[in-house]
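The values are calculated or read from the model by the stated rules, or taken from the named source; none is laboratory data. The structure presented is a predicted model; accordingly, all values stated were derived computationally and were not measured. Cβ: placed from backbone, ideal geometry, glycine included. Neighbour counts: every protein chain shown.
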Amino acid sequence: MEAIDQAYGYTLYRTEVTKKGELSMRIDDIHDRAFVYINGKYETTIYKNDKKRQVLLKFPEVTNTLEILVENMGRANYGEHLADKKGLTSNLWLGEQYFFHWEMYAIELEVLPEEYQAKGGSRFPKFYRGTFDAPGTQDTFIDSKGFTKGNIFVNGFNLGRYWNTAGPQQRLYLPGPLLKEKGNELVVLELEHTMTNEVELLDRHMLEKEAAVYEK
């Protein structure tokens, strides 16, 4: 990310792989979490904390497009980890050789899409957009149960990240001053998958342990 003057968000890397068959790829230079696609199809998710330090990727054609969407999960700011670079920090070792000539696209999410399609393909990430009214514009909490991992935006403001399968936070705090009486826009960027297309606005926060007790 630093190579393209990007400080936060996501970076999409794309290159051409002119090999066919199963190739082993080391993940040491991928920081922090990444989604791997071959010829537009999702293959696997990689995390820098994974114990397994290489993955096996199957390339079906003689010429293939390899895409890696990398998420910056936050920077360490102490000790030996002070220089905590993100994205692909070096050319990847794939199939017993280095691959070069990467296309790089910074996705900082400072500007959201202007248009949203009612239907899309099966590939994630996806944006979901909805509107709601907020009489009284009180503080509230967004419950994204059914979604997996991503970001939530309200009226263009990046409210924060959710990771419901990891926890412990289950709801995002939404301050009243960000709201309008009518016509609020809520956008969800879902990275992995979802079992719903709705969120709830509730009056209390909830952590993972509280959720387990509440569900009982």
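Results, tabulated for the structure shown:
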{"item": "Of all residues in the range 108-136 being modelled with pLDDT of 90 or more and among the hydroxyl-bearing types (Ser, Thr, Tyr), the one that is surrounded by the most Cβ atoms within 10 Å (Cβ to Cβ)", "result": "TYR128"}
{"item": "Yes/no for GLY150 being closer than 22 Å to ALA7 by Cα and in contact with a Pro (Cβ under 8 Å, 6 or more places away or on another chain)", "result": "yes"}
{"item": "Residue satisfying all of: in the range 1-44; assigned to a strand (DSSP E or B) and of a type in the set (Lys, Arg); surrounded by the most Cβ atoms within 10 Å (Cβ to Cβ) among these", "result": "ARG33"}
{"item": "Test: residue in the range 60-82 that is of a type outside the set (S, T, N, Q), in a loop (DSSP other than H, G, I, E, B), in contact with a strand residue (DSSP E or B) (Cβ under 6 Å, 6 or more places away or on another chain) and more than 24 Å from LEU159 (Cα to Cα)", "result": "no"}
{"item": "Listing of strands (runs of 3 or more DSSP E) fully contained in the range 137-188 that carry 1 or more residues being under 11 Å from LEU201 (Cβ atoms) and among the acidic types (Asp, Glu)", "result": "140-143"}
{"item": "Residue count, the range 144-162 (criterion: in contact with an Asp or Glu (Cβ under 7 Å, 6 or more places away or on another chain) and either basic (Lys, Arg) or more than 17 Å from LEU178 (Cβ to Cβ) (or both))", "result": "4"}
{"item": "Checklist (1) small (Gly, Ala, Ser); (2) in contact with an Asp or Glu (Cβ under 7 Å, 6 or more places away or on another chain); (3) in the same structural domain as ALA166 (by TED's automatic domain parsing) applied to SER90, failing item", "result": "(3)"}
{"item": "Flag if GLU181 is charged (D, E, K, R), outside the structural domain of THR11 (by TED's automatic domain parsing) and at pLDDT below 95", "result": "no"}
{"item": "From THR65, THR89, THR148, THR140, residue being closer than 18 Å to LEU191 by Cα, of a type outside the set (Phe, Trp, Tyr) and surrounded by 12 or more Cβ atoms within 10 Å (Cβ to Cβ)", "result": "THR148"}
{"item": "Residue that is nearest to ILE107 (Cα to Cα) [pool: residues in the range 30-70 that are charged (D, E, K, R) and modelled with pLDDT under 95]", "result": "ASP32"}
{"item": "Any hit, the range 145-156, residues being hydrophobic (A, V, I, L, M, F, W, C) and more than 14 Å from the chain's Cα centre (by Cα)", "result": "yes"}
